[in-house]
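Please read the structure below before turning to the comments.
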Amino acid sequence: MPADLIAALDIGGTKIAGALVDGSGELPVRARRATPAREDGATVLGAVTAVLRELAGSPLWTRVAAVGIGSAGPVDASAGTVSPVNIPGWRGFPLVAAVRETTGELPVTLVGDGVAMTAAEHWRGAARGRTGALCMVVSTGVGGGLVLGGELYPGPTGNAGHIGHISVELEGDPCPCGGRGCVERIASGPNIARRALENGWRPGPDGDVSAAAVAAAARAGDPVARASYERAARALAAGIAATAALAEIEVAVIGGGVAGAGEVLFAPLRRMLGDYATLSFVRGLTVVPARTGTDAGLLGAAAAAARGTRLPGFGTGS
């Protein structure tokens, strides 16, 4: 049988998803477990191993050529380790070595989740065919990745483009990463909801205090909910414009749960981008929603892994 599939893992603070991915972007086999994010490192690894074993139980596993992992970060691809901010039990955790214990001699590629999403969007989504792009995941955290010169650029450790921990407020709130005023501390879903609650927004009868509930309230005209999204949009605009000034990207692609707010987020973001992207070479910068949806992490992990395998169809931007 041909070795024409990639086994992909998408590891975040909420879920651990896995799939076998082919060169046309189809996912014929899937597996998923909840992330035991507050448990110890061995327990979290147990969930990863369960996903891998479920994938390996498929008859299609014999066609797997490589394994790709997109993980919440920071990651260190050069060392094969991960230290996700939202998984405290993993600090410098040797994830690549642990995955090899299950997958054997298959080559394993590790990238941050933002880089994985970027690979997906450049292969199958809104950054396809673009020479320079910043792709962002705005959800429980804020991650990102870069396309430079028409190619995915993960950087030496797999973290390049991690916009969530650019500081946009020098005296801002402390961030769990150790910095202050980070984009993530302002624009992530939990922080949008936190700020709305602190400023007087109250949930409906269902008690939903998620960012999606704040977005619904903003859509219905609640001024506090709207202000929380506008503040998130301003933080994103500042971070995107700074990235454009450094790297001359032509498009910013935004996915993740917070992007599901639609124009509640995108309308003020596009407006506020004009306050920051003022130099002549960044004024044409556009902001668009991601297209690869909830499979972005899996598609991108597969695309990143396939860069060294020469499998047909997986080339980013093709």
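FYI, it's all coordinate maths here, none of it is from the lab. This is a predicted model, so every value here is computed, not measured. Note that each Cβ is placed from the backbone with ideal geometry, even for glycine, and that neighbours are counted across all protein chains shown.
What does the extension gain come out to for ASP173 and GLU263, with contour length at 0.36 nm per residue minus their alpha carbon separation?
Stretched out fully, the ASP173 to GLU263 stretch lengthens by 29.7 nm.
Given a Förster radius of 22 Å and the C-beta distance between THR62 and ALA97 as r, what FRET efficiency does 1/(1 + (r/R0)^6) yield to the nearest 0.05?
0.40
For THR109, which sequence-distant residues (separation of 5 or more, or a different chain) have an amide H within less than 5 Å of its own amide H, given hydrogens modelled in the peptide plane?
Under 5 Å from the amide H of THR109 lie the amide H atoms of VAL67, GLY68, ILE69, each far enough along the sequence or on another chain.
What is the Cα convex hull volume of the chain when expressed per residue in Å³?
Dividing the Cα hull volume of the chain by its residue count gives 126 Å³.
Say R0 is 25 Å: what FRET efficiency, to the nearest 0.05, do THR131 and ARG291 get from their beta-carbon distance?
Given R0 = 25 Å and the Cβ-Cβ separation, E is 0.90.
Order the peptides 118-130, 263-275, 194-206 from the highest to the lowest mean number of other Cβ atoms within 10 Å of their residues.
Per-residue Cβ counts within 10 Å, averaged per peptide and sorted highest first, yield 118-130, 263-275, 194-206.
If R₀ is 35 angstrom, what is the calculated FRET efficiency for the pair ARG283 and THR43, using the beta carbon separation as r and rounding to 0.05?
The pair ARG283/THR43 has a calculated efficiency of 0.10.
Counting only complete DSSP H runs, which helices of the chain cover 20 Å or more along their long axis at the Cα atoms and score a mean Kyte-Doolittle of -1.0 or above?
Both cut-offs are met by 41-56, 223-247.
For a protection proxy built on the mean count of beta-carbon atoms within 10 angstrom, sort 38-48, 93-103 highest first, please.
So the order, starting with the most tightly packed, is 93-103, 38-48.
Percent antiparallel among DSSP beta bridges with both residues in the chain, to the nearest 5?
Taking every DSSP beta bridge within the chain, about 55 percent pair in antiparallel fashion.
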